[in-house]
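The values are calculated or read from the model by the stated rules, or taken from the named source; none is laboratory data. Because the structure is predicted, anything quoted here is derived from the model rather than measured. Positions of Cβ are generated from backbone atoms using ideal geometry, with glycine treated the same way; all protein chains shown enter the neighbour counts. Side chains included, ligands, DNA and RNA excluded: accessible areas come from the protein's heavy atoms. Shrake-Rupley method; radii C 1.70, N 1.55, O 1.52, S 1.80 Å.
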Amino acid sequence: MKKAESTLAAPDDRYRAPALDKGLDILELLASQPQGLTRAEIVKAMDRGASEIYRMLERLVVRQYVMRSVSGDRYALSLKLFALAHMHPPLSRLVAQALPLMDVFAQRAEQSCHMGVYDRGSVLITAQVNGPSAWGMSTRLGARVGLLDSASGHVLLAFSDAERARRMLAEHTTLDGEVPMDSAALATVSDTVRQQGYWQGDSLQSFGVVDISYPILGVDGSALAALTCPYIRRIDRHAGPSEADARAHLLEAAQALSLAAGR
């Protein structure tokens, strides 16, 4: 009778995993703290022993679910969960909303375009649409591009708050062939992107390509993703849309997605 009473009293505790619960509690706590928390603040909020929280935090850092601040005294969520949740409703909705608008852009601008999000030190391409022409430049879906030398990376960094940008740079992973950029030059690029609202410049990966990129903004004004067109000018008898035309069409798509993403 006592055993049955216990089972009925706490059905959710039949398969307890205390360590897993602690880890999930930390992730849920940090999810509500965009600026992160110190270890002491986490210990206080969870009302647990400092040593057990320290061990769990270290494992979450090693597995890249949690990142330390540059100064090392604060902990915040990384975007690893965001990457793992590629099919999770928020991202899948954004991709589903983006693809029709990206198709419209591709037809109007006669150029390809792709959408990238920040993920663990680089930019992950989550959507890609080819232009209608037989000629074009495209970036493979699922590819990673450099944080410091790509239009997408410049836009994602520029439209992040200072603490998140620091975490992104601290987490930065240099990809094969990535062109380095010192902090002063990077700060200048970010200032330019914020002032004009987009990035446009010669590609650092391919000769003859002009990268144009706009942020897809969330409700707080930070970039959820970057919408980028690797513009190629045709030199045959076909007079396609100009860079200015392509930029205007890309802005229209990015603005529409920012509104959709913010709802």
Just the residues that are among the aliphatic types (A, V, I, L, M) and modelled with pLDDT under 95, please, taken from the range 188-208.
Leu204
Inspect all residues belonging to the range 40-60 and state whether any of them is within 27 Å of Asp149 (Cα to Cα) and of a type outside the set (D, E, K, R).
no
Check whether at least one residue in the range 168-186 is under 22 Å from Gly136 (Cα atoms), touching a residue at least 40 places away in the same chain (Cβ under 8 Å) and not small (Gly, Ala, Ser), and report yes or no.
no
Mind listing whichever residues of the range 144-168 are within 14 Å of Pro230 (Cβ to Cβ) and among the charged types (D, E, K, R)?
Asp149
Given the conditions (1) out of contact with any Gly (no Cβ under 6 Å at 6 or more places or on another chain); (2) at negative phi, which single one is not true for Gly121?
(2)
Log entry, pairs with first residue in the range 193-213 being free of Cβ contacts under 8 Å to residues at least 12 places away in the same chain, second being outside any helix (DSSP H, G or I), beta carbons closer than 8 Å, six or more apart or on different chains, reads Asp202/Val209; Asp202/Val210; Asp202/Asp211
Check Val117, Val95 and return the single one that is in a helix (DSSP H, G or I), under 25 Å from Asp245 (Cα atoms) and open to solvent by less than 30 Å² (accessible area, probe 1.4 Å).
Val95
Only one of Leu77, Leu81 is modelled with pLDDT under 90, closer than 26 Å to Met168 by Cβ and surrounded by 18 or more Cβ atoms within 10 Å (Cβ to Cβ). Can you tell me which?
Leu77
Hits in the range 120-140 (condition: in contact with a Leu (Cβ under 8 Å, 6 or more places away or on another chain) and in a loop (DSSP other than H, G, I, E, B))
Arg120, Gly121
Residues of the range 206-262 satisfying the condition of being among the hydroxyl-bearing types (Ser, Thr, Tyr) and farther than 17 Å from Leu101 by Cβ:
Ser206, Ser222, Tyr231, Ser242
Matching residues, the range 35-50, being small (Gly, Ala, Ser), more than 28 Å from Ala162 (Cβ to Cβ) and open to solvent by 70 Å² or more (accessible area, probe 1.4 Å):
none
Tally, over the range 22-72, of residues that are under 24 Å from the mean Cα position of the chain (by Cα) and of a type in the set (Gly, Ala, Ser):
7
